[in-house]
Amino acid sequence: MRRSFSNIAQEAEEGEIDITPMLDVVFIMLIFFIVTASFVKESGIEVNRPDANTAQAKPRANILIAINDIGEIWIDKRRVDESQVRANIERLRAENPQGSVVIQADEEAKTAKLVAVMDAARAAGVYDVSLSTEAN
């Protein structure tokens, strides 16, 4: 019993598995996870935060503002003038309405700058404002 070449080729073609739908699903899942991923945001500079015994982690801190020891304000890796803090917070708040503000103030920073940034956050409509510290 001899089978013709066309019958063998047809049987081999019927036995193959088409993985195209699986690749489509994997690609769609990859896009979904990239879009919904929460990326770590940084303020732009490293500051020496003061120590605190009662420090607690803040999981939903999306708007990070840093104040260094010479009074410079940094948001999104950019130096920002004190008069522009409110506008930047409003922009970041529009991108993520559930986010909160965390201020990373250097332990040598002036209290006046810290209060000005806190006032700007409240004027922008964000009342969940926290100070970042080092845990003991």
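Every number here is computed from the coordinates shown, using simple stated rules; none is lab data. Small disclaimer: the values here were computed from a predicted structure and weren't measured. Counting neighbours? That spans all protein chains shown, and the Cβs are built from the backbone with ideal geometry, glycine included.
Below 12 angstrom from the Cβ of GLY71, what's the summed charge of the other residues (Lys, Arg +1; Asp, Glu -1)?
Numbers: positive: ARG79, LYS110, LYS113; negative: ASP69, GLU72, ASP81, GLU82, ASP106, GLU108.
Net charge around GLY71: -3.
A Förster distance of 30 Å, applied to the separation of the beta-carbon atoms of GLU90 and ILE70, puts the FRET efficiency at 0.70.
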